[in-house]
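Written out below as structure tokens is the structure these notes cover.
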Amino acid sequence: MGKSETIAIIGAGIAGLAAGCYAQMNGYETHIFELHDIPGGLCTAWERKDYIFDGCIHYLFGSGPGQPFYSMWEELGAMQNRPMLNHDQLLQIWGQDGRTLTVYSDPDRLEAEISALSPADARLARELAEGVRRFTAFDMTVMYTKPRSLMQPFDYAQLGQQMLPFVLPLIKFGMTPARRYAARFQDPFLREAVARMFGWPEMPMMAGMQLLAYMHNGNAGFPAGGSLAFARALEQRYLALGGRISYKAQVEQILVEHDRAVGVRLYNDEVHHADVIISAADGRGTLFHMLDGRYVNARLRKLYTGDLPLQSMMQISLGVNRDLHDHPHWITYLLAAPMLIAGREHSDISVQHYSFDPSLAPAGKSAMTVLLKSDYDYWQRIYGRRLYDTEQLQVADQLLDLIEQHHPGIRGHVEVTDVATPVSFERYTGNWQGSTCGWLLTPRTMRLMIEGLPKTLPGLRNLYLAGQWVEPGGSVTLAAASGRNAVQLICAADGRHFASSTPALHL
Ligand SMILES: Cc1cc2nc3c(=O)[nH]c(=O)nc-3n(C[C@H](O)[C@H](O)[C@H](O)COP(=O)(O)OP(=O)(O)OC[C@H]3O[C@@H](n4cnc5c(N)ncnc54)[C@H](O)[C@@H]3O)c2cc1C
């Protein structure tokens, strides 16, 4: 069998673009097929009147020069000329009793904040802060520098050595969801607040500590200009490397001959042959639609039909003619009574604004967003009917009532309202149930994340998988790393030395 020369890549999300860039750097001729008319997939933003509503990055792992993952983003052309905006706090949680927990990324400030709120919980505050301090030294890239299947005994020895100081905290905090950790606090407000301090109560404490640690190191910033501009930088890097992208090109089938992937067929019946295929699209769609479920073993079937949690979300975006930059950029309000929104009860609501990035709204105005867990089936059942639109308006209205309590008069300043449901996420990115990160990061999926999921399919040659469905928990950083890993596997199969390069400051 000769060496591969051509690669077809399904999906121009971050994983597909990264795979394309690294494949071009290694001398392959690549062609990306993307169903949408823009790059980025979930890493996106949309413009409505004066406002840009960002739909993705809150924190970018790898945003700090010299820090883990930074060099990968530099190779992908995403860092050049792009300021990173760092926050000193992840979010604030406002209780009903008037108390607030500010989740500082600085472990000293976090410890002082929690201890001041409840001196009786000072020991736990210290333990939590100590966990954050410990993870400031944790280099996550050790798990993604090479795909597991390419690791030699020497690599494993090195990995073991680098992981050793973190093994105990990884076990202790990796398997404990924030909800369970919070239950140990004596103070009733902290029991509620700590459960939500990293976003969702099932988030493993270790992942939350890691996030604060990276923020503290200046390695989890927000890319100025937002998520779509960030994705466009990868697209430009890919094109500059000689890659080719077809937009509005949805792949219907991966073509297979004698258990070897040989090309793709699009919905418009065009056929494109290639030596190798990388699917950086939705995992379930790849396995069960593009390949008709022919290369799925019991483990994969269980993953895609089992009960692992997904992250189906709604995003309600508001363009308001009001300057919010003096307000905390992210507040989670604990509610006095659960609020029924789109068929689901919520005991808290998180409201964010983007006034820290002046490029997302005109001076004196602000883009605000609310992200809510929402059931895919609820929206799917009414999609295409007038009820779908009225229900969206009703949700926005309910949330405005709540926001109005904290920003009196803001209703009169709303200039634009935009609602995205799990069905919108599914339509624009093809992700199963509109999931925004593949499988949600919980202690169960954390185990999968550490073990790693296979990047190839049993019995099928020349097909590689990349993206959030092979890196449980997702994130743009792990999506990009998985695109890089897919190319490393292809190079290894071809006996090529994997190479990478960094573009000059101006692309
Ligand atoms: C609201 C929100 C907040 C987030 N916050 C963060 C954050 O703060 N930090 C962070 O790192 N990550 C965050 N994420 C997660 C991150 O965006 C994703 O995990 C990551 O972008 C996934 O990239 P991907 O390339 O694997 O998949 P996708 O982005 O889903 O890309 C897949 C691409 O394949 C295309 N496609 C699908 N099917 C086909 C087909 N049949 N033919 C052709 N093309 C197809 C899709 O259109 C899409 O462009 C967030 C996501 C959301 C939605």
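Numerical summary
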| quantity | calculated |
| --- | --- |
| GLY20 being more than 8 Å from the ligand (Cβ to nearest atom) and modelled with pLDDT under 95 | no |
| Counted residues, the stretch 349-370 - those being within 27 Å of PRO422 (Cβ to Cβ) and outside any loop (DSSP other than H, G, I, E, B) | 11 |
| Lone qualifier among ASP54, ASP37 - being of a type in the set (D, E, K, R) and crowded, with 24+ Cβ neighbours inside 10 Å | ASP54 |
| Candidates SER105, SER63, filtered to the one that is within 15 Å of VAL194 (Cα to Cα), under 20 Å from the mean Cα position of the chain (by Cα) and surrounded by 21 or more Cβ atoms within 10 Å (Cβ to Cβ) | SER105 |
| Residue ID - farthest from LEU101 (Cα to Cα), chosen from residues in the stretch 320-348 that are of a type in the set (A, V, I, L, M) and not in a strand (DSSP E or B) | ALA342 |
| Hits in the stretch 70-85 (condition: closer than 18 Å to GLY20 by Cα and assigned to a loop (DSSP other than H, G, I, E, B)) | LEU76, GLY77, ALA78, MET79 |
| Cβ pairs under 6 Å, 6+ apart, first in the stretch 249-265 and charged (D, E, K, R), second outside any strand (DSSP E or B) | GLU252/TYR267; ASP259/GLY459; ASP259/LEU460; ARG260/ASN462 |
| Residue in the stretch 241-262 that is modelled with pLDDT of 95 or more, closer than 30 Å to ALA361 by Cβ, within 10 Å of the ligand (Cβ to nearest atom) and not acidic (Asp, Glu) present | yes |
| Strands (runs of 3 or more DSSP E) completely within the stretch 194-262 that count 1 or more residues being buried (at least 23 other Cβ atoms within 10 Å of the Cβ) | 220-223, 251-257 |
| Test: residue in the stretch 302-309 that is assigned by TED's automatic domain parsing to the domain that holds GLY473 and among the basic types (Lys, Arg) | yes |
| Hits in the stretch 165-184 - residues which are part of a helix (DSSP H, G or I) and crowded, with 16+ Cβ neighbours inside 10 Å | PHE166, PRO169, LEU170, PHE173, GLY174, ALA178, ARG179, TYR181, ALA182 |
| Residue pairs meeting the criteria (Cβ under 8 Å; at least 6 apart or on separate chains; first free of Cβ contacts under 8 Å to residues at least 60 places away in the same chain, in the stretch 106-135; second of a type in the set (S, T, N, Q) and in a helix (DSSP H, G or I)) | ALA122/SER115; ALA125/SER115; ARG126/SER115 |
| Given (1) surrounded by fewer than 20 Cβ atoms within 10 Å (Cβ to Cβ); (2) assigned to a loop (DSSP other than H, G, I, E, B); (3) away from the ligand (no atom under 15 Å from the Cβ), number of the condition GLU47 does not satisfy | (2) |
| Criterion violated by ASP326 - all others in (1) of a type outside the set (A, V, I, L, M, F, W, C); (2) in contact with a Ser or Thr (Cβ under 7 Å, 6 or more places away or on another chain); (3) at pLDDT below 95; (4) closer than 19 Å to LEU85 by Cβ satisfied | (2) |
| Within the stretch 392-507, helices (runs of 4 or more DSSP H) holding 2 or more residues that are within 10 Å of the ligand (Cβ to nearest atom) | 422-429, 476-494 |
| Residue count for the stretch 10-44, restricted to those that are among the aromatic types (Phe, Trp, Tyr) and part of a strand (DSSP E or B) | 1 |
| Top-ranked residue of the stretch 265-304 - restricted to ones that are touching a helix residue (DSSP H, G or I) at 6+ places or on another chain (Cβ under 8 Å) and part of a strand (DSSP E or B), ranked as farthest from the ligand (Cβ to nearest atom) | VAL276 |
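The values are calculated or read from the model by the stated rules, or taken from the named source; none is laboratory data. Being a predicted model, the structure only gives us computed values, none of them experimental. All Cβ positions, glycine included, derive from the backbone under ideal geometry; neighbour counts span all protein chains shown.
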